[in-house]
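Read-outs throughout are calculated quantities, based only on the coordinates presented, and are distinct from any laboratory measurement. Values in this document were obtained by computation on a predicted structure and should not be read as measured data. Every residue, glycine among them, receives a Cβ derived from its backbone with ideal geometry; neighbour counts consider all protein chains shown.
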Amino acid sequence: MTDLAIVTLILIVANVLFSYQGFKNRLFFEGYKFEVDSILINKDRIRLISAGFLHGSWTHLVLNMVGLYLFGRLLEYDMGGFNLLLIYVAGLIGGNMLSLYIHRQHGDYSAVGASGAVSGLVFAVIALMPGVEIGLILLPIFIPGWIFGLLYILYTIYGIKSQSDNIGHEAHLGGALAGMIAAVIMQPEALTNNFLTIFILVVPTLIFLYLIVNKPHILLIPGWSPKFSSPPKKRKTHLRVEYKAGERKSDDQGELDRILEKINQTGMNSLTAEEKRKLDDYSK
């Protein structure tokens, strides 16, 4: 343990240098950002990590680095630099993996930022340090960590479902869960010392993950925009199916559920022409 928090500072410097290069060089930015088709089709998996060191603006970078500095130092003082690095990487990859799963049918979806990794650090602190209080940016207000964590998770779930802003909520949720799990594996006594907090944070997250795996139609949403990409790409519209109880016959609902499950299992291209026609009819 060191008062200088060397690993935290190294991570900050790496983010600043990598992001600055992306600000200057658009080809560099495009070559290392998170992009679904590049990862799944071109097997360019380095983007799962490199995207976490790119940012879309100086404001985006500074906000993430403030979080990294505050929570990274706490963990480095408590666990050492190596364990901090492991939690950071777990949050980074975990966040991008959840984004990849949710947007696997959206080939041109893109995102950048260290938010998933920083979320992992925040939730590692909440899991390992009972009684921790977290302050709100620019406000002299502190709230218990478990309340902050629960509100944060509920907000990210709402953000994933609504897609009403330009924030990569998927990476935040995946990073938070991965960082917390990594921290508990490193210090399993946290399950005894802080069980209730961990339970309160993990349960709604796991319920939501279960739903998006087994009820994929809850995530069929209108178009999205690339997260923190500047300048933004032209928006592309993806499939949306709106279904309200009582508006369609039960056999229509069964057919719709079957088609959606087929999409979830084998992708949009596996549908027959007739199934695509029916899906188009339902979406109207």
Handout entry: Charge dipole magnitude, Cβ of K and R +1, D and E -1 - region 1-133, Cα centre, debye nearest 20
Key = 320
Problem - Intensity falloff of region 16-110 expressed as log10 I(q)/I(0), Debye formula with alpha-carbon point scatterers, at q = 0.14, 0.19, 0.20 Å⁻¹ - result: -0.58, -0.97, -1.04
Completion exercise
Sorting Leu48, Met186, Val89 by the position of each Cα along the dipole of region 6-219 (Lys, Arg +1; Asp, Glu -1; all at Cβ), the one nearest the positive end of that ordering is Leu48
Practice task
Using only the alpha carbon atoms of region 6-219, find the Kirkwood hydrodynamic radius as the inverse mean reciprocal pair distance, in angstroms to one decimal.
Solution key: 17.3
Exercise for the section: Give the distance, in whole Å, between the Cα centre of region 107-142 and the Cα centre of region 147-176. Expected result: 11
Handout entry: Computed magnitude of the charge dipole of region 6-219 (debye, nearest 20; Cβ of K, R +1, Cβ of D, E -1)
Key = 320
Handout entry: Residue among Phe195, Thr59, Val213 farthest towards the positive dipole end of region 6-219, charges placed on Cβ
Key = Val213
Problem - Links that overshoot a 24 Å alpha carbon limit, given the list Lys215/Lys276; Lys161/Lys215; Lys33/Lys215 - result: Lys33/Lys215
